[in-house]
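The values are calculated or read from the model by the stated rules, or taken from the named source; none is laboratory data. On a predicted model such as this, the values are computed, not experimentally measured, just so you know. Neighbour counts are summed over all protein chains in view; Cβ atoms, including those assigned to glycine, are modelled from backbone coordinates with ideal geometry.
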Amino acid sequence: MRRLFVLALALAAFCGFAFAQQNVRVSGTQIDELVDLPTEMRLGLFLDLGDGARELGSVRMVGGTFSITTEGMVPEERDLRALNSGAFPLAFMIGNEFVVGREGVRFATAWLQPYHDISGSGRYDSLFDAIFFRAPPELTDPFGYFNLVYVTDDVQLRSTPANFDLRRGWNLVVARLQDGGLAYSVQTSVEDVVMYSYGTNLTFEELERRIRQPADD
């Protein structure tokens, strides 16, 4: 009986490991070029739906710094697309042709978006909260970009510059400048992210006035 109990515990632990979803963490700083950041700033993880987006979760920023993990953030079945051989931007604006190592895998991508939580709800509210215009988040040491990719199963993407081994769950696909070219990797965390933003909901007239203001004084 004791042996059967130990085997049952081992089987349960194995199953828990087998179905575990990999999570990633992104940490860094937001710098706004035009305005002082409000204290009620949040950074949301937004799922790319093609014709829109939905926030999967968010964290409160502290003095313009953030550290967000994907734990507990899972796309819905309806939001997943078939991962077929072809191309999509594995790291921002860097599209690679690749061959998928197995069939039946589905995927989703997501991005990070800072916003002013005016409603105080702890989640993005399109009626009240203000999204900050931002440039793509940058990696600084060395310079590069990254993308957040979710896959339903372990899979390898084979391409000319590199092979990408993606684990079930979330993956950070990273491209950094190195030795005059791009060096790719798949990681579970990055800590040297800088996100530049440019205020919220500015009209072209307001933007021009702010840019010209120092010269007019």
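General remarks:
- Number of the condition not met by Leu172 [criteria: (1) aliphatic (A, V, I, L, M); (2) in contact with an Asp or Glu (Cβ under 9 Å, 6 or more places away or on another chain); (3) at pLDDT 95 or above; (4) within 23 Å of Arg54 (Cβ to Cβ)]: (2)
- Residues within the stretch 187-211 that are modelled with pLDDT under 95 and either surrounded by 14 or more Cβ atoms within 10 Å (Cβ to Cβ) or of a type in the set (Ser, Thr, Tyr) (or both), tallied: 7
- Search result, residues across the stretch 173-183 that are surrounded by fewer than 20 Cβ atoms within 10 Å (Cβ to Cβ) and in contact (Cβ under 8 Å) with a residue 60 or more places away in the chain: Val174, Leu182
- Being crowded, with 16+ Cβ neighbours inside 10 Å, touching a residue at least 60 places away in the same chain (Cβ under 8 Å), of a type in the set (D, E, K, R) and under 22 Å from Ser58 (Cβ atoms) holds for only one residue in Arg134, Arg123, and it is Arg134.
- Looking at the stretch 1-108, the strands (runs of 3 or more DSSP E) lying wholly inside it that each contain 2 or more residues that are at pLDDT 95 or above and within 17 Å of the chain's Cα centre (by Cα) sit at 25-32, 41-48, 53-60, 65-69.
- Residues in the stretch 146-163 that are in contact with a Lys or Arg (Cβ under 8 Å, 6 or more places away or on another chain) and buried (at least 17 other Cβ atoms within 10 Å of the Cβ): Val151, Thr152, Val155.
- So Phe143, is it crowded, with 20+ Cβ neighbours inside 10 Å and either free of Cβ contacts under 8 Å to residues at least 40 places away in the same chain or under 18 Å from Asn23 (Cα atoms) (or both): no
- For the stretch 61-81, the tally of residues that are under 22 Å from Asn171 (Cα atoms) and touching a residue at least 12 places away in the same chain (Cβ under 8 Å) stands at 14.
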